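A.B. asks: Below: one structure in structure tokens.
What follows draws every value from the coordinates through simple rules; no lab data is involved. Given the structure is predicted, the values throughout are model-derived calculations rather than measurements. So basically every Cβ, Gly included, is an ideal-geometry build from the backbone, and we count neighbours across all protein chains shown.
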Amino acid sequence: METLLELKDLSAGYGGKAIVHSVSFALQKGSITTLVGGNGAGKSTLMRAIYGSCDHLGGSVVFKGQAIEKADPFDRHRMGIGFVPQGRCNFAEMTVSENLKMGCYTLPAREHAKRIERMLEAFPVLKRKFRLKAGNMSGGEQQILETAMVLLAEPSMLLLDEPSLGLSPKTQGEVFDMVREISARGVTVLIVEQNVHGALLISDTAIVLEMGRKFLEGPAADVRNDPNIRHAYLGGNITKDISE
Ligand SMILES: Nc1ncnc2c1ncn2[C@@H]1O[C@H](COP(=O)(O)OP(=O)(O)OP(=O)(O)O)[C@@H](O)[C@H]1O
Ligand SMILES: [Mg+2]
């Protein structure tokens, strides 16, 4: 196993106030990890801290063996960290084609057509809707587009904040399939999901955050079967997998 990302006593927040407190964990190359926690636990803030888009207040972020906590988001993006933030983040009035071109903004011009072509192969729905306005697509299709816009840069690590929020159970399943596919291509994934059960089913590891602190970390299957976790985050005794 090879570590791709390591957080060491990382504290982060806004306006000098810490929301994430002294969190440490390591992500193995090629793994999928779910970050679990209630509303306001600091999941999005932790993702921003990894990407560099909130205040760094202590500790270290080590990516590919290099301390990056002082690097800005643009540099982290270039180093291979891709971030798809929570909520809709495409250009709704622009077409799928134009959105994908926007996603190429950090890449040399000679790469654009080739990279877009690869995304259309990986996600045929984007090919079918290529000339359609992004805002007119379904929520699931827009999530796929937003993820593809980030994948254009071929990141080695992908941060996905609530990719299935607001989607039907069937579409949530499609988003999870997409995550599995991305992982199969060797990308390391950290995911925050309101569908905790579905996310844990595709994950190797789970990390539970409570009030900005790491509460628990372990194999996803163990966390999924932990009675306390089931009670707090999985609605008690779920016997049916809603992602199927
Ligand atoms: N831009 C910001 N400026 C100041 N405080 C913020 C900002 N964003 C979030 N916070 C605060 O940080 C805390 C954690 O928020 P965060 O969005 O990280 O939680 P979360 O676990 O992602 O919650 P949710 O499940 O609702 O998405 C909250 O108290 C929130 O009010
Ligand atoms: Mg959040």
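A.B. asks: Here is the link list: LYS8/LYS43; LYS29/LYS127; LYS43/LYS64; LYS29/LYS101. Which ones come out longer than 24 Å on Cα distance?
C.D. replies: Values: LYS8/LYS43 16 Å; LYS29/LYS127 30 Å; LYS43/LYS64 22 Å; LYS29/LYS101 28 Å.
The pairs that break the limit, which is 24 Å between Cα atoms, are LYS29/LYS127; LYS29/LYS101.
A.B. asks: Ok, one more. In the stretch 43-141, if every C-alpha pair distance is counted and binned at 10 Å from zero, what percent goes to each bin?
C.D. replies: 14, 36, 32, 17, 2
A.B. asks: A further question on this structure: May I ask you to list the aspartates and glutamates whose Cα is less than 20 Å away from that of LYS17, ignoring any residue fewer than eight positions away on the same chain?
C.D. replies: Within reach: ASP9, ASP55, GLU69, ASP72, GLU210.
A.B. asks: Could I have the simple spin-label model distance between SER22 and ALA221, label points 7 Å from Cα toward Cβ, reported in nm to one decimal?
C.D. replies: Label-label distance for SER22 and ALA221, simple model: 3.4 nm.
A.B. asks: Further question: Where does the charge balance sit around ALA109 when Lys and Arg score +1, Asp and Glu -1, over other residues with C-beta under 13 Å from its C-beta?
C.D. replies: Residues near ALA109 contribute +3 overall.
A.B. asks: Quick check for me: using +1 on Lys/Arg Cβ and -1 on Asp/Glu Cβ, what's the dipole size of the stretch 88-154 about its Cα centre, in debye to the nearest 20?
C.D. replies: Working: 11 positive and 8 negative charges, 38 e Å.
Result for the stretch 88-154 is approximately 180 debye, rounded to the nearest 20.
A.B. asks: Right, here's the next one. Peptides 145-152, 127-134: what's the order by average Cβ count within 10 Å, highest mean first?
C.D. replies: Taking the mean over residues of other Cβ atoms within 10 Å, the ranking is 145-152, 127-134.
A.B. asks: Separate question: Excluding ARG185 itself, what net charge comes from residues whose Cβ is under 15 Å from its Cβ, given Lys and Arg +1 and Asp and Glu -1?
C.D. replies: 0
A.B. asks: Within a 10 angstrom radius of the beta carbon, how do GLU121, GLU141 rank from fewest other beta carbons to most?
C.D. replies: Ranking GLU121, GLU141 by Cβ neighbours within 10 Å, fewest first, gives GLU121, GLU141.
A.B. asks: To continue, here is another question. When the convex hull of the C-alpha atoms of the stretch 88-154 is computed, what volume per residue in Å³ does it have?
C.D. replies: Hull volume over Cα atoms, normalised by residue count, gives 71 Å³.
A.B. asks: In deg cm²/dmol, rounded to 500, what helix-only [θ] at 222 nm does the chain give when every DSSP H run of at least 4 residues adds -39500 (n - 2.57) and the total is split over its residues? Please list the in-between numbers first.
C.D. replies: Details: 10 runs with 89 residues, N = 244.
It comes out at -10000 deg cm²/dmol, rounded to the nearest 500.
A.B. asks: Excluding GLY166 itself, calculate the net charge of residues whose Cβ lies under 15 Å from the Cβ of GLY166, where each Lys or Arg counts +1 and each Asp or Glu counts -1.
C.D. replies: -4
A.B. asks: Then there's this: Hey, in the GNM for the chain with a 10 angstrom Cα cutoff, which one of VAL125, VAL208, VAL20 fluctuates hardest?
C.D. replies: VAL125
A.B. asks: Identify the residues of the stretch 128-164 with backbone N under 11 Å of a label point that sits 7 angstrom from the Cα of ARG185 along the Cα-to-Cβ direction, or state none.
C.D. replies: Hits in the stretch 128-164 for ARG185 at 11 Å: 147-156.
A.B. asks: Stretch ASP55-GLU98 to full length: gain in nm at 0.36 nm per residue minus the Cα-Cα span?
C.D. replies: This chain segment gains 12.3 nm when fully extended.
A.B. asks: Turning to a different aspect of this structure: Any idea what diffusion coefficient the chain gets from Stokes-Einstein, in µm²/s, Kirkwood Rh on alpha carbon pairs, 10 °C, 1.306 mPa s?
C.D. replies: 87
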